2 protein chains.
Amino acid sequence: VGAIGSMVVRHALERSYWVELVGAVDSDPAKVGRDVGDVVGLRKEVGLTVSATLDEALEGREADLVVHTTSSFLEKVTPELERAAEHGLDVVSSCEQLSFPYYTNPTLAERLDLLAKREGVTILGTGINPGFAMDVLPAVLTAPCLNVRAINVTRKMDASNRRVPFRRKLGVGMNVEEFREAVRNGKITGHVGLGESVSLLASALSWKLEEVRVGEAQPVISLGKARDLRTAVEAGRVAGVKQTAVGVVEGRQAISHTFLAYVGAREEYDLVEVDGLPKVISKISPCVHGDFGTVAMLLNMAPKVLASPPGLLTMKDMVLPSAFLPSL
Amino acid sequence: VGAIGSMVVRHALERSYWVELVGAVDSDPAKVGRDVGDVVGLRKEVGLTVSATLDEALEGREADLVVHTTSSFLEKVTPELERAAEHGLDVVSSCEQLSFPYYTNPTLAERLDLLAKREGVTILGTGINPGFAMDVLPAVLTAPCLNVRAINVTRKMDASNRRVPFRRKLGVGMNVEEFREAVRNGKITGHVGLGESVSLLASALSWKLEEVRVGEAQPVISLGKARDLRTAVEAGRVAGVKQTAVGVVEGRQAISHTFLAYVGAREEYDLVEVDGLPKVISKISPCVHGDFGTVAMLLNMAPKVLASPPGLLTMKDMVLPSAFLPSL
């Protein structure tokens, strides 16, 4: 029940006609034992307390599915996914590297797939990015194409209106040297998931990737013109991040991804250019909101995960994604 | 092997690494008995002749799937689908009303579903529209939404560059009285599939449609300004068609579709506006090409149809649509 998990809880509680909340887990001792409603920022108690572990949360309770929102990194979340699988629970997770774990760590991915099949559960990584904007949507946009030579995807976000932790991850306000140092020592990871998005997109088309090249996070330098004074960045300091990734198929750069997130980006958009027969050029403007989008993907995919065959699946294996908003 | 079927054959022959053409069927006596390559406009023979019926085409041959491109109307194609199912063949069809037959004719749809399950085959209706632009794509664009109040979809096409039969179906060049008369006597049907698209989209979201209202085809009147002299339409005559459809959910117009196809339309696009949390506004410009798009949807969905469980399925039941272009 961090930032995203708390949003999941709040929106899940509005879906009582198909969701029943049976527990919440957080490793933070400051949250354990408190009422879930209090922890997720509701003004009312929900009559459930936050547990320190999944085992404790499930004591005396039955559940179908875990919405998992802890870390971006596959190795870190693997023990948590294993525990959920051993409890016979399906998992829908926002872990970026889980969106296409066969890219990140094929050995671990195969181990999780075998475990999921043995326990009869489904595990899916999804979210807005990876999970939608730079992989699922571009894949769908190739469906009406007879041939595809190349796919270029750009997601451009204005970091002004985002959460503080998100801006901090982008190095907003640093000088260039501080930024480069933070990239070197891993404090700024850039956007996690570009390699996964390139791989998931290629896999959806049955393209065999020969190489995936993910560039280091590059600083976008402020011109000092951002209008919002609250988040304005001094000219010459870091306004955010630019990052690129390419996928090589049959010797050529068939997939090219560009991720831009900085304070003062004037136009926000998700642009997909399919150079194919026919050409398909699609623009979502403004770009799909990251936090709302991720929470929505988790909740909307949950019923589809429950209906899917066991295994470690990716979005390309799932039935058509869409909002799940059953009329009463 | 009409216009669309011939394109399917030509592109299927380029996919010899996963498609083997085993036969072609046409009811036109002028085509029966001729080499398929000749009939579909290739300069080379392919060593197969066009058969008058599916039964004849299958004599002494094995097949997995029929790509079916005969008529827009469910009642007309039902005997053809039944014969394919009795032969144990999966079907992917461009029949517009088959894209959501539970709207068109629920009784017939259930009969076909039962037959498909009994014979262990999958039947799918798809194409660019219905099948993608005004239903599948809008559904996918709601996936990152926590709530959806309304969805507006507009497809606007310039009829100048389209096939003559397509322009004829739009009444291009008629005067308004001739157009109205042609609508009354069924010679101009407008776009077939708007009601199916509205229903498929609602079904994907699990919205319960209370009513679908499909308007009559309305004439778009030429201002006499179309630049292409070959297709220019005299001012005051019909340049093409406008048609709308709405879907009512919980008492309000939750879905609104507008289809525009006329000579001289200045900007061609597929616009989807999801009024939700978050808002998602997507524009594909120019709109996805109709003929290429339909042929691509048929060929790209074929392997997914082969891998699907038996039954009469719709695009919302299928795994993520995308181009299928396996690297060699």
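Side notes on the structure shown:
- Counting the residues of the stretch B:113-152 that are away from chain A (no Cβ under 14 Å), surrounded by 21 or more Cβ atoms within 10 Å (Cβ to Cβ) and under 24 Å from B:H191 (Cα atoms) gives 2.
- Out of B:P165, B:P106, B:P101, sole residue that is away from chain A (no Cβ under 14 Å), modelled with pLDDT under 95 and over 30 Å from A:K283 (Cα atoms): B:P165
- The set of residues in the stretch A:305-328 being over 17 Å from the mean Cα position of the chain (by Cα), of a type in the set (A, V, I, L, M, F, W, C) and more than 10 Å from chain B (Cβ to nearest Cβ) consists of A:L306, A:A307.
- Single residue of A:A254, A:A235, A:A245 found to be more than 14 Å from chain B (Cβ to nearest Cβ), open to solvent by less than 10 Å² (accessible area, probe 1.4 Å), touching a residue at least 12 places away in the same chain (Cβ under 8 Å) and of a type outside the set (F, W, Y): A:A245
- Helices (runs of 4 or more DSSP H) lying entirely in the stretch B:149-256 (those with 2 or more residues that are of a type in the set (S, T, N, Q) and in contact with a Ser or Thr (Cβ under 9 Å, 6 or more places away or on another chain)): B:194-204
- Within the stretch A:260-292, if we keep just the residues that are among the hydroxyl-bearing types (S, T, Y) and facing chain B (nearest Cβ under 7 Å), the residue that is surrounded by the most Cβ atoms within 10 Å (Cβ to Cβ) turns out to be A:S282.
- Filtered by the rule that a residue be assigned to a helix (DSSP H, G or I) and touching a Ser or Thr at 6+ places or on another chain (Cβ under 7 Å), the stretch A:301-328 gives A:M301, A:V305, A:M315, A:K316.
- Here A:E20 clears all of (1) more than 22 Å from A:V77 (Cα to Cα); (2) in contact with a Leu (Cβ under 9 Å, 6 or more places away or on another chain); (3) assigned to a loop (DSSP other than H, G, I, E, B); (4) open to solvent by 30 Å² or more (accessible area, probe 1.4 Å) except the condition numbered (2).
- Restricting the stretch B:262-276 to residues that are assigned to a strand (DSSP E or B) and either modelled with pLDDT under 95 or of a type in the set (S, T, Y) (or both) leaves a set whose member that is nearest to A:S327 (Cα to Cα) is B:Y269.
- Flag for A:S203 being modelled with pLDDT of 95 or more, hydroxyl-bearing (S, T, Y) and either more than 16 Å from A:S72 (Cβ to Cβ) or out of contact with any helix residue (DSSP H, G or I) (no Cβ under 6 Å at 6 or more places or on another chain) (or both): yes
The values are calculated or read from the model by the stated rules, or taken from the named source; none is laboratory data. Remember, predicted model here, so these are calculated numbers, not experimental data. Positions of Cβ are backbone-derived with ideal geometry, glycine not excepted, and every protein chain shown enters the neighbour counts. Remember, those area values only see protein heavy atoms, side chains included, never the ligands or the DNA or RNA. Shrake-Rupley method; radii C 1.70, N 1.55, O 1.52, S 1.80 Å.
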